[in-house]
Amino acid sequence: MKTILIALLALVVLVILLLGVFYLISGHPAPIKNQVIIHRSQETVFDFIADMTNELKWNPDVQVMEKQSAGPVGLGTHFRAKWSLSPMLDVEITRFDRPHDVTFANGGPLEVKLELNVTSRNNQTELNTTFSPTPHGFLRAIFPIMKRSLIAQERENMVNLKKVLESNG
């Protein structure tokens, strides 16, 4: 019995040490880059992605997405947003250069900066994304495990976005 308790205690200490190491190495942004070619005009793609309320049409993880600012979408526009595993968040457009670049930023336990670059290429549009999550609190400890899921989710999001934009003419 004593041997089992010592082994169990050693296992608990090992898990705590591993979580501590993950915590120490995971407190910085971890960019996830994607690229997709969309058969729509640069302006159409830009306007669609700059208005985050459209995310309800292509991201199944979105539960709430509401524009909070008056007037047209632009620099400083705020959105109220909630994804499946997130709290309610405020997302702000921190860069807006139509029809080329838009950047979104939010705080929260998983702070995210999302940079989108839209370029016209041979009658189609190239969308390059940089999704930079910065975990805080407990999420820092488990982030190395979460990152794989985020990479797959972001890749799937690009496929969904392309389908929606290309099907809506």
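The values are calculated or read from the model by the stated rules, or taken from the named source; none is laboratory data. Given the structure is predicted, the values throughout are model-derived calculations rather than measurements. Methodologically, a virtual Cβ is constructed for each residue, glycine included, from the backbone with ideal geometry; neighbour enumeration extends over all protein chains shown.
Which of the residues belonging to the range 92-118 are touching a His at 6+ places or on another chain (Cβ under 7 Å) and modelled with pLDDT of 95 or more? Walk me through it before giving the result.
First, pick out the residues of the range 92-118 that are touching a His at 6+ places or on another chain (Cβ under 7 Å): 92, 109, 111, 117-118.
E92, N117, V118 - these are the residues of the range 92-118 that are touching a His at 6+ places or on another chain (Cβ under 7 Å) and modelled with pLDDT of 95 or more.
Here the condition is being among the hydrophobic types (A, V, I, L, M, F, W, C) and in contact with a helix residue (DSSP H, G or I) (Cβ under 6 Å, 6 or more places away or on another chain); of F96, F131, it holds for F131 alone. Criterion applied to N59, N54 was being part of a helix (DSSP H, G or I), closer than 30 Å to N122 by Cβ and of a type outside the set (D, E, K, R), and the one residue passing it is N54. Going by the structure shown, is E126 surrounded by 16 or more Cβ atoms within 10 Å (Cβ to Cβ), acidic (D, E) and in contact (Cβ under 8 Å) with a residue 60 or more places away in the chain? The answer is yes for E126.
Among the residues of the range 91-107, just one is over 13 Å from H78 (Cβ atoms) and under 13 Å from the mean Cα position of the chain (by Cα), namely T103. Selection within the range 128-151: residues that are more than 11 Å from the chain's Cα centre (by Cα) and small (G, A, S). The member of this set that is nearest to T103 (Cα to Cα) is S149.
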